[in-house]
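The values are calculated or read from the model by the stated rules, or taken from the named source; none is laboratory data. A quick note: this is a predicted structure, and the numbers were derived from the prediction, not measured. Cβ atoms come from the backbone with ideal geometry, glycine included; neighbour counts cover every protein chain shown.
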Amino acid sequence: MSRAFVNEDNAAAQADQPVERQVSAQPNYVTPTGLTQLQAKVAELQQQLGAESAKGEQANKQRQADLQRDLRYFNQRVLSAQVITPASSTQKVQIGSRVTFADEHNAEQTVQLVGEDQADASAGLINWGSPLGRALLGAQLGDEVLWQRPVGDQVIEVIRIEPA
């Protein structure tokens, strides 16, 4: 048998396996709420995988593989989680802080710095390691910081810091 046919068989088998989810190289700092959400996600995936596996021969093999991949990812995220002490300062931005800032046009925006897996920009939850998160982290009330954005840098002023 030609090696080409063997390699095609291996390639076909590997095509059924989902691509692994990439784990970020940044430290996995999480808020207490973020850890609870990660743990809930693991429990949800375990339940879904159990339900799919219970179907026996009728189980969707691709769905099982996807669930197993996601379960590996979220288990790893729970194991690597470094829970931060809830933010308590109103003077210095910390992970967990709710921060209101203003741009050069005095347009205000409020965000909360959270861990990577908890981030949801549409809800104002910003990854502490994102460009905005890095600009704000450690800033003090009244500081002007440079937000390095892909569309152009912007100077913003921290006008309010609220604890988590």
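Of all the listed residues (Gln22, Gln46), the sole one being assigned to a helix (DSSP H, G or I) and out of contact with any helix residue (DSSP H, G or I) (no Cβ under 6 Å at 6 or more places or on another chain) is Gln46. Within the span defined as region 137-159, every residue fails to be within 23 Å of Gln26 (Cα to Cα), touching a residue at least 24 places away in the same chain (Cβ under 8 Å), part of a helix (DSSP H, G or I) and not assigned by TED's automatic domain parsing to the domain that holds Tyr73.
Based on what the data block shows, is Ala25 modelled with pLDDT under 90, under 30 Å from Gly138 (Cβ atoms) and touching a strand residue (DSSP E or B) at 6+ places or on another chain (Cβ under 9 Å)? So Ala25 fails the test.
What are the residues in region 53-78 that are surrounded by 13 or more Cβ atoms within 10 Å (Cβ to Cβ) and of a type in the set (A, V, I, L, M), if any? If the condition is that a residue be surrounded by 13 or more Cβ atoms within 10 Å (Cβ to Cβ) and of a type in the set (A, V, I, L, M), then Ala59, Ala65, Leu67, Leu71, Val78 are the ones that fit. The condition of being in contact with a Gly (Cβ under 9 Å, 6 or more places away or on another chain) and of a type in the set (D, E, K, R) holds for only one of Asp117, Asp143, that being Asp117. Only residues that are assigned to a helix (DSSP H, G or I) and aliphatic (A, V, I, L, M) were counted in region 49-69, giving 4. Of everything listed in (1) touching a Gly at 6+ places or on another chain (Cβ under 8 Å); (2) loosely packed, with under 15 Cβ neighbours inside 10 Å; (3) of a type in the set (S, T, N, Q); (4) within 28 Å of Arg21 (Cβ to Cβ), the single unmet condition for Thr110 is (4). Counting only residues that are free of Cβ contacts under 8 Å to residues at least 24 places away in the same chain, touching a Leu at 6+ places or on another chain (Cβ under 9 Å) and not charged (D, E, K, R), region 18-52 holds 2 of them. Checking Asp120, Asp103 one by one, the residue that is acidic (Asp, Glu) and free of Cβ contacts under 8 Å to residues at least 24 places away in the same chain is Asp120 and no other.
Would you confirm whether or not region 118-125 contains a residue that is under 30 Å from Ala51 (Cα atoms) and part of a strand (DSSP E or B)? Yes, region 118-125 contains a residue that is under 30 Å from Ala51 (Cα atoms) and part of a strand (DSSP E or B).
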